[in-house]
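Q: This structure is in C-alpha cells; I'll ask about it shortly.
Only the coordinates and a few stated rules stand behind these numbers; no lab work does. None of the values given here were measured: they were computed from a predicted structure. Using ideal geometry, Cβ is built from the backbone for each residue, glycine included, and neighbour counts are taken over all protein chains shown.
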Amino acid sequence: MAIRYLSEHDSPDDPGGMIREVLEMGEAFPGPAEDVVLAWVLRLGEGRDPAAAAKQLIADYRLDQKPQPGGACGRVIEMLKETASYPGDRMARHVCQPRRRGGWRRNRS
C-alpha cells in the first residue's frame, strides 16, 4: 500500500515536502533537526538511497549556493550534506556475512 501525502511539495526525494517546509521556515523552525531528518529517511522508503536523495535535494533547493540559516534549520541542512557525502555501500545492510560478536564458545583449547 502506497502512502500519499497531501503537501504540494511532495516529491520522491522529499516525501510530504517536510524538508521544503523546514527550509521555508528558516530560522523560525524550532527543531529538533534530528527528528526531521530521521522522519525524512524513514519516509523515503525501502530501496531508496538516502545519499542520492540528499544530493538531489541539495541541488533542487540550491543549498550549496545560499548562505545557510542558523539554528535548527541550519542543522537540518548540515545533516543533509552529511547524508549526501555518506557512501551508499556503507548504508547497505550486510546480511550475507554475519559477524561474530563475542559470547560463549564450546571446546575452548
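Q: Work out from phi, with θ = phi - 60° and the Karplus expression 6.51 cos²θ - 1.76 cosθ + 1.60, the ³J(HN,Hα) of each residue of the range 14-19, listed in order in whole Hz, and give x for Gly and Pro.
A: The phi angles translate into 9, x, x, x, 4, 5 Hz.
Q: Along the Cα→Cβ direction, 7 angstrom out, place labels at residue 62 and residue 86. What is the inter-label distance in nm?
A: 2.8 nm
Q: Name the trypsin sites (Lys or Arg not before Pro) in the range 5-84 that are in a loop by DSSP and that have at most 14 other C-beta atoms within 10 Å, would you?
A: Qualifying residues, ordered by number: 48, 62.
Q: Could you tell me whether the range 15-90 comes out rounded, prolate or oblate from its Cα gyration tensor? Rule is a ≥ b ≥ c as square roots of the eigenvalues, rounded for a/c under 1.5, then prolate if a/b exceeds b/c, otherwise oblate.
A: prolate
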